[in-house]
1. Shape call for the range 78-167 from the C-alpha gyration tensor, a ≥ b ≥ c root eigenvalues: rounded (a/c under 1.5), prolate (a/b greater than b/c) or oblate?
2. Compute the FRET efficiency between Glu275 and Arg200 as 1/(1 + (r/R0)^6), taking r as their Cβ-Cβ distance and R0 = 41 Å, and round to the nearest 0.05.
3. Tell me which lysines have Cα within less than 22 Å of Lys489's Cα, excluding those fewer than 8 residues away on the same chain?
4. With labels modelled as points extended 7 Å from the Cα through the Cβ direction, what inter-label distance (nm, one decimal) is found for Gln452 paired with Lys530?
5. Just the number: Rg to Rh for the chain, Cα atoms, Kirkwood Rh, two decimals.
6. Can you list the lysines whose alpha carbon sits under 28 Å from that of Lys11, skipping same-chain ones fewer than 8 residues off?
7. Starting from the Kirkwood Rh over alpha-carbon pairs, what translational D in µm² s⁻¹ does the range 270-334 have by Stokes-Einstein at 25 °C and 0.890 mPa s?
8. To the nearest 10 square angstrom, what accessible area does Asp227 show with a 1.4 Å probe?
Amino acid sequence: MCGIVAYIGPKDATPFLLEGLARLEYRGYDSAGVAVAGRTGGLKVRKVKGRVADLAAAVPARFKGATGIGHTRWATHGVPSDANAHPHLDNAERIAVVHNGIIENADELRAKLAADGAVFRSETDTEVLGHLIAAHAAEGVELEEAVRAALGKVVGTYGIAVLDAEQPDRIVVARNGSPIVLGIGEKEMFVASDVSALVRYTRQVVHLEDGELATVRSDGFRTFTEDARTTHRQPSTVDWEIDSYDTGGYEHFLLKEIHEQPGSVERTLGGRLDERFATAHLGGLNLDARELREIRRVKILGCGSAYYAGEMGAQLIEELARIPAHSEPASEFRYRNPVIEADTLYIAVSQSGETYDTLAAVQEVKRKGGRVLGVVNTVGSAIARECDGGIYLHAGPEISVASTKAFTSTVVAFALIALHFGRIHDLSPADGRRIVSALKALPDQIREVLAQSDAIAELAAEYAGSEGMMFIGRVRGYPVAREGAQKLKEISYVHAEAYPASELKHGPLALISPELPTIALVPDDELLDKNLTTLGEIKARSGRVLAVAHRRPEAKLADHCVLVPKSEPELDPLLLNIPLQLLAYHAAVALGRDVDKPRNLAKSVTVE
Ligand code: F6R
């Protein structure tokens, strides 16, 4: 969601703050701000509506200080504006706060603080924190004590960094539901809500736990709990490559991440295929064969693309392991008082590992005694820590807001889970071998699809001007259609509908016209004839068809075709999805969209 950075050390904080914010901009990009404790006392603050580049342009050369905090925002309370941008200050402009999350009792706190004389200058929930901390920061009180006392009155989620003009030798940070990472340097310390802002400066990091605070000074840090007990945290080393945080010569992160998929799929598979027994090694599941055999159902929970990847996962598990499996949006599940069954295995899916709805769904399952595994990309993230076991994707950092490589790796992870479960149930060694070889072939097959990027760009330019697009697929193809439609609308803003091809004649056929082309998934499987019949029905209504297929349909059935290499039928959806990523990307470019930072969105949704 929003991004936080902070610095304390011998250097000027401002260059790190601005660079760190630019790195975190994918997390929120409607406004940004910085505050530094000036060398001559007092705070200097700049905040603007707009991008980090607008903030950098607004920061004068004399804006210097050895201690500073910064923020890039994705608006929840109050419109994007200079006034609503963080940091937020108290009346005396002594305390500055940056915050990710939601203060649920902000209205109540605001009323009390206003009655005591606080003057509010923004519509944000965060502003109450500045006033509340200031109210506790009486003469002689250490900043950490004031922050601790203030947070004791707060209901909600937060990651915060606090700067005090009168105690510029420290920054106090706290985490409850929104990540805070400390970066350890040489006689300097960094803070960020995400390691991507830190990796250029240090690889030694400490992830705060929920309910933990830290006092950060230039020569180190002290962590403690909300009831002031000191905690002992060992730093860990960030192992993702620095290159992952650059566009590496590609025009956009999205294009780079689409092209990284052969490598990211190899990493997801790395060391997990067991050719001898034609199965997958998944030690992190923490479930032995006997426990796995007792599972009667699988319920997959995720949001957005993670939910669609879960739909593909559910099909893989049903097909290979013959265990009933179903994917549901975590954002719905958590609100419907779900029945939690002892013999159901719950699997939470999340690239970021931070999505609040998914985390809340996991917590609800666990509260009712259910067992939850995680399929997560970000190591050590909140969802990964909350689960009883799981699989890390190792897809590498995904910076572009739209998920591509993490989506593909999630489906690969489900193929491994399905293979493992299947071989414990009734999947034969021969079928296990069939899936193992197909998984090994995927990276090269993805390369074959990526080689068609230019041709897909031409098609995208032709189709991008349409009034909308219909995506259709049958059974295995339907989640592909849903993900394809999602990708197109989120980055190109072209309206897209996804339908099971079988459902077209039950209503949406009425929409078909030359202005609303259909992107049809036409794998060469047992449903090929049915899919070709559907294409005929569309063409009979003057619809335009772009087929994504293993074999080119007759010219009278499709206007254009992208050919995809054939895998095993269970794994075909994974490859059929790659041209749709390229189609969405090139359509967005053709329409001049801000591909990596689409409007109204942010990379991870850590609020309700
Ligand atoms: C789509 C997209 C979102 C995310 C969703 C879940 O391209 O990026 O739909 O997939 O917000 O995010 P994670 O996987 O981080 O839980």
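The values are calculated or read from the model by the stated rules, or taken from the named source; none is laboratory data. These numbers were taken from a predicted model, which means no experiment stands behind them. Don't worry about glycine lacking a Cβ; one is built from the backbone with ideal geometry, like all the others, and counts go over all protein chains shown. Quick note on the areas: whole protein, heavy atoms, side chains included, nothing else; ligands and nucleic acids left out. Shrake-Rupley method; radii C 1.70, N 1.55, O 1.52, S 1.80 Å.
1. Since a/c stays below 1.5, the shape of the range 78-167 is classed as rounded.
2. Result of the calculation: an efficiency of 0.55.
3. Lys256, Lys405, Lys597, Lys603
4. For Gln452 paired with Lys530, the spin-label model returns 2.3 nm.
5. Ratio of gyration radius to Kirkwood radius for the chain: 1.00.
6. Lys44, Lys47, Lys49, Lys64, Lys187
7. Here the translational diffusion coefficient equals 185 µm²/s.
8. In the full protein context, Asp227 sits at about 100 Å².
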